[in-house]
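Chemist: I have a structure here, written as structure tokens, and I will follow up with some questions on it.
The values are calculated or read from the model by the stated rules, or taken from the named source; none is laboratory data. Quick caveat, the model's predicted, so the values are computed rather than measured. Here the Cβ is made from the backbone with ideal geometry for all residues, glycine too, and neighbour counts use every protein chain on show. Ligands, DNA and RNA are stripped out before the accessible areas are found, and what is left, the full protein with its side chains, is counted by its heavy atoms. Shrake-Rupley method; radii C 1.70, N 1.55, O 1.52, S 1.80 Å.
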Amino acid sequence: MKEKLYAIPVNDAFSKDCECPVCAMYKELENNAVEYTMGPSYMEDDIRAVTDRLGFCDKHVKMVYDQNNRLGMALVMSTHLRKTIGDVKAATKHRTMPKISLFSKNKTTGNPVTEYIHNLDNSCFVCSRINGIFDRYIATIFHLWKTDEAFREKYKSSKGFCQRHYAVLTDYAPKELKDSALNEFLSITDKLYIENMERVLGDIDWFINKFDFRYDNEPWKNSKDSLQRAILKTNSVDIE
Ligand SMILES: [Zn+2]
Ligand SMILES: [Zn+2]
């Protein structure tokens, strides 16, 4: 059962002292996927066929580059560029002049070249590797919530979630829980999110106070890293 396999990383993330344990889970998957991309796997034909087809999103192309495997990345880019050029050449042969209506929402209709590029822009080898496992991690959170009292306590004493993962959890909940069990989970999760957002807001407000000379002799309290923690809450971005 996959949920058992993923119980350890999910429990580990919820044991971390952080503003969003789901971000912690995501970050670990992301680092693993980036390392995998520049590990021995890129020499395997079937993996390379996928990187050739999907390419990388803006964020992950930079992370893959920062792995400092210049030859490996050059090989990956070489076959990816070759495939893109071949696909675009083929698509240009099928291009009919698109009918662009002022009232049409999709202005690329009938243009296989821009449709191809639009799809390529929205696909990423690293994202797709993360997403497959990330969904199982979210399912595991609910499996543990239902079966493991110690995990449930850990969840309740977490520091809440970033806004994106708060939405992920509340959207997923009705698939796993019904009636009063669903209401209980949602009200606990709502409370965790709101109270911890308010806590971070309090830290930010204190941080602002510290720029006022009247607060010179006051302690910083828990505000020194409040901006980084606020950015994690709003954007799921970990600024170290
Ligand atoms: Zn998060
Ligand atoms: Zn990506």
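Chemist: Please determine, by comparing only the residues of segment 3-12 that are hydrophobic (A, V, I, L, M, F, W, C) and touching a residue at least 40 places away in the same chain (Cβ under 8 Å), which one is farthest from ligand 2 (Cβ to nearest atom).
Modeler: 7
Chemist: Just one of 114, 108 is modelled with pLDDT under 95 and either closer than 21 Å to residue 6 by Cα or in a helix (DSSP H, G or I) (or both); which is it?
Modeler: Only one candidate qualifies: 114.
Chemist: Wholly within segment 1-102, which helices (runs of 4 or more DSSP H) include no fewer than the required count, namely at least 2 residues that are β-branched (Val, Ile, Thr) and farther than 30 Å from residue 222 by Cβ?
Modeler: It comes to 21-37, 45-54, 58-65, 70-93.
Chemist: Looking only at segment 37-60, filter to residues that are within 13 Å of ligand 2 (Cβ to nearest atom) and open to solvent by 50 Å² or more (accessible area, probe 1.4 Å); which one of those is nearest to residue 142 (Cα to Cα)?
Modeler: Top of the filtered list is 59.
Chemist: Okay, next question. Mind checking which pairs have a first residue in segment 14-27 that is over 11 Å from residue 158 (Cβ atoms) and open to solvent by 10 Å² or more (accessible area, probe 1.4 Å) and a second that is in a helix (DSSP H, G or I) and within 8 Å of ligand 1 (Cβ to nearest atom), Cβ under 9 Å, 6 or more apart or different chains?
Modeler: 23/164; 23/165; 23/232; 26/165
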